[in-house]
Amino acid sequence: MGSVGMAGVMAMNLVAVGDAKADVTGTLALASDYIWRGSSQTGEEAAVQAGVRATHGSGLYASLWGSNVSFEPDSGARSEFDAVLGWSGELAPDWSLDANATRYLYPGTGRALDWTELSATATFKQRAWLQLAHSRDALAGGHPGTYAQIGMRLSLSDATRLEAAYGQYRLASAQAPDYQHVQLSVIHAIAPRWEVRATGHATDNAARQLFPGNAGTRLEVALQASF
C-alpha cells in the first residue's frame, strides 16, 4: 500500500477511535482488612477503598484505585494508589485478555516504595483465569519478581458465587524466598450494585518470614458498591 493510502487508513482508524465513547465506572468498598497476595497491607486493620475506571470502545482503559495502608516497620506510607493503563477485550468466543501496566504509588515516602509491574490475565468463559505479572523492581526491592495466579469461579445462584485462587510469587534470592498463598471467597449480591464478600487467605512459611505478623491465615470481609 502506498504512503497516501496508508495515511488514509490511519486517519480513518483515528476517527473511528475518536468516535467511540468512553465508559466510566467506579467502586467504593469498606473492608475489614486489605490483603494483597496473601499479606495484610493495613496491619489487619480496616480499609476504605475506592476506584474509578474509564474504558474506551477500543478496549483501552485507564484506572486509579486507592486504599489506606499501614506497614511495619513504619515507612511513612498512609495510602496507596494504583495507576493502571491497559487493554482488555475478547480474543476468541470463550477467551478474553487483560494486559496492563500498574504503577504502585505511596505518597509520603519520597517515592522510595513506588514501583511498576506489567501484567496479563487470560480468562476462559468467565470461569477460570491465569495471571502472570513481572517487575524488574518487585515490591520496590531493587530485584526482579514474577507473580503467577490461577483461579476458578463457580456460580451457586444468580446472586452467589465462589472464587478460589492459588498464587506463587517468585522473587530474587537476594531479596526474599519465593512464597505461595491460597484464597477462597464467597461473594453475594445484596442489591443490583452492592455485594458482600468473605475471603479466607493462607500463606506458606516463606511468606510469614517475609511479612512477619501480616502473612499466614487471615479472614477478610468487605462490602462493595459499584457505580
(request) Inspect all residues belonging to region 181-204 and state whether any of them is charged (D, E, K, R), farther than 21 Å from Y34 by Cβ and out of contact with any Ser or Thr (no Cβ under 7 Å at 6 or more places or on another chain). (result) no
(request) Specify which of the listed residues (A133, A112) is under 29 Å from L210 (Cα atoms), surrounded by 16 or more Cβ atoms within 10 Å (Cβ to Cβ) and in contact with a Ser or Thr (Cβ under 8 Å, 6 or more places away or on another chain). (result) A133
(message) Six or more apart or on different chains, Cβ atoms under 7 Å: show the pairs whose first residue is in region 193-219 and touching a residue at least 24 places away in the same chain (Cβ under 8 Å) and whose second is buried (at least 20 other Cβ atoms within 10 Å of the Cβ) and aromatic (F, W, Y).
(response) T203/Y179; D204/Y179; A206/Y179; A207/Y179; L210/Y179
(request) Taking only region 103-129 into account, find how many residues are charged (D, E, K, R), in a strand (DSSP E or B) and out of contact with any Asp or Glu (no Cβ under 8 Å at 6 or more places or on another chain). (result) 1
(request) Mind listing whichever residues of region 65-102 are of a type outside the set (A, V, I, L, M) and not in a strand (DSSP E or B)? (result) S70, F71, E72, P73, D74, S75, G76, R78, P93, D94
(request) Starting from region 117-133, keep only residues that are among the acidic types (D, E), then list their pairs with residues that are in a strand (DSSP E or B) whose Cβ atoms are within a distance under 6 Å, requiring at least 6 positions of separation or different chains. (result) E117/T102; E117/A133; E117/S135
(request) Select from region 161-179 the residues that are more than 17 Å from the chain's Cα centre (by Cα) and either in a strand (DSSP E or B) or charged (D, E, K, R) (or both) and write down the one among them that is surrounded by the fewest Cβ atoms within 10 Å (Cβ to Cβ). (result) L162
(request) With respect to A101, determine if the residue is modelled with pLDDT of 95 or more, surrounded by fewer than 15 Cβ atoms within 10 Å (Cβ to Cβ) and either under 16 Å from the mean Cα position of the chain (by Cα) or within 15 Å of L139 (Cβ to Cβ) (or both). (result) yes
(request) Could you run through region 4-54 and say how many residues are polar (S, T, N, Q) and either modelled with pLDDT under 50 or assigned to a loop (DSSP other than H, G, I, E, B) (or both)? (result) 4
(request) Working carefully through the options S96, S63, find the one that is farther than 18 Å from I35 by Cβ, crowded, with 16+ Cβ neighbours inside 10 Å, polar (S, T, N, Q) and in contact with a Lys or Arg (Cβ under 7 Å, 6 or more places away or on another chain). (result) S63
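The values are calculated or read from the model by the stated rules, or taken from the named source; none is laboratory data. If you're wondering where the values come from, they're calculated on a predicted model, not measured in any experiment. Methodologically, a virtual Cβ is constructed for each residue, glycine included, from the backbone with ideal geometry; neighbour enumeration extends over all protein chains shown.
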